[in-house]
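This report refers to the structure that appears directly beneath it.
The values are calculated or read from the model by the stated rules, or taken from the named source; none is laboratory data. Being a predicted model, the structure only gives us computed values, none of them experimental. All Cβ positions, glycine included, derive from the backbone under ideal geometry; neighbour counts span all protein chains shown. Surface areas here come from the heavy atoms of the whole protein model, side chains and all, with no ligands, DNA or RNA. Shrake-Rupley method; radii C 1.70, N 1.55, O 1.52, S 1.80 Å.
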Amino acid sequence: MSFEQRYIGEILVRRGALEPEKLENALETAADRAVDLRDFLVATHAVEEDKVVRALADEVGMEFVEKIATELIPEELIDAVPINFARQNHVLPLTQSEDNVRVVIANPLDPFPIDDLRILLGKAIVPVAASEETIDDAINRVYERKDETALAEAKDGEEVEELRDLIDMTDEAPVIRWVNNLFYTAVKDRASDIHIEPTDEKVIVRYRIDGRLVPRKEANRGFLASIVSRVKIEAGLNIAEKRLPQDGRITKKIAGKVIDVRVSTVPTAKGERVVMRLLDKEQVLLNLIDLGFARRELDQLEQLIGRPNGIILVTGPTGSGKTTTLYACLNKINTPEKNILTAEDPVEYELRGIGQMQVQPKIGLSFASGLRSFLRQDPDVIMVGEIRDHETAEIAIHASLTGHLVLSTLHTNDAPSAITRLVDMDVQPYQISSSVMAVLAQRLVRRLCEVCRTPYKPTAQDLRELDIHEAAQQKLAELQRVAATTVVGNRDSGPPSLPPAVGSNPGELTFYHPGGCEECSNTGYRGRIGIFELMLIDEPVRREILNNSDAKTIQRVAQQQGMRPLREDGARQVVAGVTSVEEVLAATQAAEV
C-alpha cells in the first residue's frame, strides 16, 4: 500500500473517523484488491463517507458543507465548467466574486482539479469540501435544470429530426444529458420504473417509487421523437419503426451501481410511449432476514428450504416481491455441494454458482419443457419462475417426489387459494398433499420514514380495521410479543431497534402516521417491506386437501394450526412501527376479496 493511502488512514484514525484496529486490516485488504482505501472503507461500511471527507477537510483546515444550494449557483459558472469534468473530478463551482470562485470538492487532498479550475475560470479558487454523493447530486440537479430549460423553451410544434440531430448536431447534447439524467435521478430516488408518456402539449416523465407512480419531469412535445430515439439507440432498437411495439435492454453503470434496464416501447395515439424497468442487483439479492419476517416464520422457512425434497410455493399478485423472496431462498442454500437450476421468464439477475435458463415459448422452450430437461441435469434444487399449467405442475410434483427441492410461484390472493388453484389445473389432491410442503403468500407495504413519522394513539376504528377488536387485550399482547420478534437486518447483530410501539402494556400502544421530509421526498415513506402468510401443509391441512375442501375451510384449519393471515401479519408490522394502518389495509384488500 502506498504512503499516500497509509497517510489517509492515519488521518482518519487521528480524527476519530476510523478505529485504529481496523486500519491495518483495511490497508492490507484494499492493497490485495487493488482498490483505493477510501473507496474500500466506504463500500464495506467501515466508515461513512461524510466522516471521511470531514476528517480530511479538518486535516487541511478546509470548510465542510453538508448541503449545496444549487438554486444559487450562477448560470455563467455552469456554462464555464464542462459536465464531464465536474463528474469525473467531483467538483462544482458555487459562487464567485471579482477575485475568486468558491468551489466544492470531494477530495481535499487532491490539488489537481483545483489547479485545472483556476486555469478554466481564470480566478483564484477557494475550496470547500463535501461528500461525493452530495456533489454528484448537485451536479445532476444543476445541469438538469439547464437542460430542462432548453427542452422546455422549444417552440410549440417544433419537431426535431431525430437521426440527424442525435448523431450529428452538437445542440442536441441537452437531450442526451436529459435522458441520461432520467436514469441517475431514478436510481437516486429508488425508482423501479421510468414512464415516458406523450400528451398533446408536453412529454411527462413519471417514476414508480415504492409501488406508486410519481410525476418527476416534463419536456416540450417537440422533443418527443428525440427522447424516444435516444432511448431506442441505447437499447439497440430500430429508431425508424414507430408503428410496432419493441423491447430491448440497456446496461448502465450509475453511481457505482450496475443497473440493468428493460425497455418497452408501444405506439399510442399521442406518440410512442416508453416504459423502462430498472433492476438493481444489490437491491434484489437480499437475505431472508432483510425481508421483514417475524422470527417464527423466518425459522420455519429456513427449515423448509433446508429439506432435500418437496415443493414450496410463493403466491401473490404481480409486483408483490415473489422473485425477491425466491432469490433470497436460493441465496441462503447456495453452496458448492448443491446443483441449483432455475427456469425464469426472463432471467432478471445472474446468480453466481447457479444454472439459469430463460424460457422462450416462441421456440417451444416453456417452463414445462425446461423443467423436464432439468431432471436430466442431476439437480438438487429447481426453481420454476411460475406454475402456469397442468403440465408444469405435474413435472414439478414428479421432481419433488423423486428427491428434488422445487421452488415456484403462483398467482393467487392468499396461501389456501394456491391449493384450489392447483386443483383447477387438474392436479389430484393426493399429489398436492404428498408433494407441497408449504405455501407462502406475501404483499409489499411501504415502510414509514423513520425521520419524519409521527406517533399517535390508535383508535378503536384502527383496531377494528386490523381485525383485533375481539378479545382485544389478549390479541394486542400477542401482537406486541410477535412484533418484538420482527427481523430486519443482520441477525448476528442482535434484534433490531424497535420503536416505542412495542411495549409491554397494550394501553401504551403507539401507531405512526406518515410525515414528510427531504429524506423521503415528502411522501412519509421510504422503501418497502413484506407481510407474509405461511401455511404449512401439516396433517390437519393435508386431510382437508385430500377431502377436496374449499379454500375457506383450508384457511380456517390452517389458522387453527397457527397460521397468521396476511392482515394479522400486517398488524404485526404496524405494532412494530414499521408501516401504517392505511398501507396494510390497501395491501390486504385483494386478499379479502
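Things worth noting here:
- Unpaired cysteine residues in the chain (no second Cys Cβ under 4.7 Å): C329.
- In summary, the helical segments of the chain meeting the span-like criteria, namely a full DSSP H run, a Cα extent along the axis of 20 angstrom or more and a mean Kyte-Doolittle hydropathy of at least -0.5, are 173-188.
- Stretching the chain fully between E24 and F112 yields a gain of 28.9 nm (0.36 nm per residue, less the alpha carbon separation).
- Förster-model FRET efficiency, 35 Å R0, I119 and K67, C-beta, rounded to 0.05: 0.80
- Where labels lie 7 Å past Cα in the beta-carbon direction, separation of Q377 and K242 in nm: 4.3 nm
- Computed accessible area, R464, all protein chains, 1.4 angstrom probe, square angstrom: 120 Å²
- Placing unit charges on the Cβ atoms of the charged side chains and taking the dipole of the chain about its Cα centre, the candidate lying farthest along the positive direction among L224, A399, V126 is A399.
- Global form of the chain, assessed from the alpha-carbon gyration tensor, a/c cut-off 1.5: prolate
- Backbone amide hydrogens, once placed in the peptide plane, bring V214 within less than 5 Å of Y207, R208, I209, excluding anything fewer than 5 places away on its chain.
- Tensor-based shape of the stretch 1-94 (alpha-carbon gyration tensor, a/c under 1.5 rounded, otherwise prolate or oblate): prolate
- The listed peptides 344-357, 186-199, ordered by packing as a protection proxy, come out as 186-199, 344-357 (highest mean of other Cβ atoms within 10 Å first).
- Considering only P336, Y456, G306, the residue lying farthest towards the positive end of the dipole of the chain is G306, judged by Cα position with unit charges set on Cβ.
- If R0 equals 41 Å, the separation of the Cβ atoms of E133 and Q360 corresponds to a calculated FRET efficiency of about 0.50.
- In a DSSP loop and with at most 16 other Cβ atoms within 10 Å, there are no chymotrypsin sites (Phe, Trp or Tyr not before Pro) in the stretch 28-96.
- Loop-located GluC sites (Glu not before Pro) in the stretch 385-449 (DSSP state not H, G, I, E or B) with no more than 15 neighbouring Cβ atoms inside 10 Å do not occur.
- The share of accessible area on the chain that comes from carbon and sulfur is 48 percent, using a 1.4 angstrom probe.
- With a Förster radius of 22 Å applied to the beta-carbon distance between D467 and R295, the computed FRET efficiency rounds to 0.50.
- Rounded to the nearest 500, the 222 nm mean residue ellipticity of the chain from helices alone is -12000 deg cm²/dmol, with -39,500 (n - 2.57) taken per DSSP H run of at least 4 residues.
- Residues H390, H45 ordered from highest to lowest accessible area at a 1.4 Å probe: H45, H390.
- The figure for K322 is an accessible area of roughly 20 square angstrom, using a 1.4 Å probe on the protein chains alone.
- Surface per residue (accessible, 1.4 Å probe) for the chain, Å²: 47 Å²
- Rounded to the nearest 20 debye, the dipole magnitude of the chain is 1520 debye, with +1 charges on Lys and Arg beta carbons, -1 on Asp and Glu beta carbons, and the Cα centre as origin.
- Computed on the chain, with alpha-carbon pairs under 8 angstrom and 6+ residues apart, the relative contact order is 9 percent.
- Residues listed by number, the stretch 116-148, amide nitrogen under 14 Å from N84 label point at 7 Å toward C-beta: none
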